[in-house]
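Asks: Pasting a structure below so you can have a look.
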Amino acid sequence: MTTIPENAFNDLLENAVTKLLQEKLELLLREEIKNYIQHEHQGQRTMRNGNYTRSFQTRYGTINELQVPRDRKGYFQTRLFQPYQRREGWLEEAIIHM
């Protein structure tokens, strides 16, 4: 039986959770822009215009290359986070509770 050192196991687990979280966030972002273009901006002609990458810190680790979609006219803004927000609100909440 092969044993894995504890710190290596922790790194593997953290990387797996961060990767899963990145995949799910990107899926939510793709669905959000699809809904935005099909339903909210139905009368105006706009379309997807690729992605931009950004980093985002979560309580489970840092996502370094989160792919955030954008539209051609630049009107799309995700509801998952604010435009210049780089971490979820857990850090601010922890400081307030202290």
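The values are calculated or read from the model by the stated rules, or taken from the named source; none is laboratory data. Because the structure is a prediction, the values reported are computed rather than measured. When we count neighbours, we look across all protein chains shown, and the Cβ atoms used for this are built from the backbone with ideal geometry, even at glycine. The accessibility values were calculated without ligands, DNA or RNA, using every heavy atom of the protein model including side chains. Shrake-Rupley method; radii C 1.70, N 1.55, O 1.52, S 1.80 Å.
Asks: Please find the FRET efficiency linking Q85 to Q38, where r is the Cβ-Cβ separation and R0 is fixed at 22 Å, and quote it to the nearest 0.05.
Replies: In this case the efficiency is close to 0.30.
Asks: Using a 1.4 angstrom probe, figure out how much accessible area the stretch 39-88 has per residue, in square angstrom, rounded to the nearest whole.
Replies: So the stretch 39-88 comes to 74 Å² accessible per residue, rounded to a whole number.
Asks: Which trypsin sites (Lys or Arg not before Pro) from the stretch 1-49 combine a DSSP loop assignment with at most 14 other Cβ atoms within 10 Å?
Replies: Filter output for the stretch 1-49: R45.
Asks: Under the √(5λ) rule applied to the eigenvalues of the Cα gyration tensor, what semi-axes describe the equivalent ellipsoid of the stretch 1-95? Give them in Å, descending.
Replies: Largest first, the stretch 1-95 gives 33, 16, 10 Å.
Asks: For K24, which aspartates and glutamates qualify as cross-link partners when the Cα separation must be under 16 Å and same-chain residues fewer than eight apart are set aside?
Replies: E14, E32, E65, E88
Asks: Let me ask another. Would you list which lysines come within 17 Å of K73, measuring only between C-alpha atoms, while excluding same-chain residues fewer than 8 positions from it?
Replies: K34
Asks: Of the accessible area of the chain, with the probe set at 1.4 angstrom, what percent is carbon plus sulfur?
Replies: 52
Asks: Here's a follow-up. Given 0.36 nm per residue, what is the gain on full extension from K24 to N49 after removing their alpha carbon distance, in nm?
Replies: Working it through step by step, the gained length comes to 6.9 nm.
Asks: Follow-up question, since we're still on this one. Find the Cα radius of gyration of the stretch 39-86, compare it with 2.2 N^0.38 Å by division, and give the number to two decimals.
Replies: 1.34
Asks: Quick one: give the max-minus-min coordinate of the C-alpha atoms of the stretch 1-42 along each principal axis, largest first, in Å.
Replies: Principal axes ranked by extent give 58, 16, 5 Å for the Cα atoms.
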